[in-house]
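Structure, as structure tokens:
The values are calculated or read from the model by the stated rules, or taken from the named source; none is laboratory data. What you see is a predicted model; the values in this text were computed from it and never measured. Here Cβ is always computed from backbone atoms with ideal geometry, including for glycine, and neighbour counts include all displayed protein chains. With ligands, DNA and RNA removed, areas are computed over all heavy atoms of the protein, side chains included. Shrake-Rupley method; radii C 1.70, N 1.55, O 1.52, S 1.80 Å.
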Amino acid sequence: RQGWRYHMSNLMAAIGVEQLKKFPILARKRQLLATTYTEYLKNISEIILMDLDYNDIVPHIFVIKVLSDRRNELKEFLKNKKIETGIHYKPNHLLKYFRDDTSVCLPITEKVYNQILTLPLHPDLSIEDVIYVSESIKEFFKI
């Protein structure tokens, strides 16, 4: 059977309650960072941004879609500039648990999975950090 059961201890619940008190400040910071990314990256024709209203949501990740099969190349370029990126999320049919059925073929899902790249987004980032990441992406695409 897949999965695990996670039961929260009283100590973890107490930490969670204290963290929730910080939510309004942390939410505004994430919204500001995402809005800054959007402003700096919106005119790069080699990437697609998600069409989201950051006044209405609080993003936990910032995903870009890299066109022209250059996602891995961009990821490596950013890594060399000390910018950590991620790839979220692997399609279920490619996970080991579900891979027993090799007849499943989802070419559009797989294509998008190979294009998406998650940029740094956490409350400890500064606006300057987001600008540095954005300018590094522009440098990669020679903009």
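Tabulated data for the structure shown
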read-out: Contacts under 8 angstrom Cβ, first residue in region 27-49 being over 11 Å from PRO59 (Cβ atoms), partner open to solvent by 90 Å² or more (accessible area, probe 1.4 Å) and among the basic types (Lys, Arg), 6 or more apart; value: LEU49/LYS42
read-out: Output for region 1-25, where each listed residue is assigned to a helix (DSSP H, G or I), over 30 Å from TYR97 (Cα atoms) and either open to solvent by 60 Å² or more (accessible area, probe 1.4 Å) or among the polar types (S, T, N, Q) (or both); value: ASN10, LEU11, ILE15, VAL17, GLU18, GLN19, LEU20, LYS21, PHE23, PRO24, ILE25
read-out: Some residue of region 44-67 being open to solvent by 60 Å² or more (accessible area, probe 1.4 Å) and part of a helix (DSSP H, G or I); value: no
read-out: Per-region count, region 76-108, residues open to solvent by less than 60 Å² (accessible area, probe 1.4 Å) and in a helix (DSSP H, G or I); value: 4
read-out: Residue count, region 1-26 (criterion: farther than 27 Å from GLU128 by Cβ and in contact (Cβ under 8 Å) with a residue 60 or more places away in the chain); value: 1
read-out: Unique match (being surrounded by 12 or more Cβ atoms within 10 Å (Cβ to Cβ), touching a Lys or Arg at 6+ places or on another chain (Cβ under 8 Å) and either in a loop (DSSP other than H, G, I, E, B) or not basic (Lys, Arg) (or both)) among VAL130, VAL112; value: VAL112
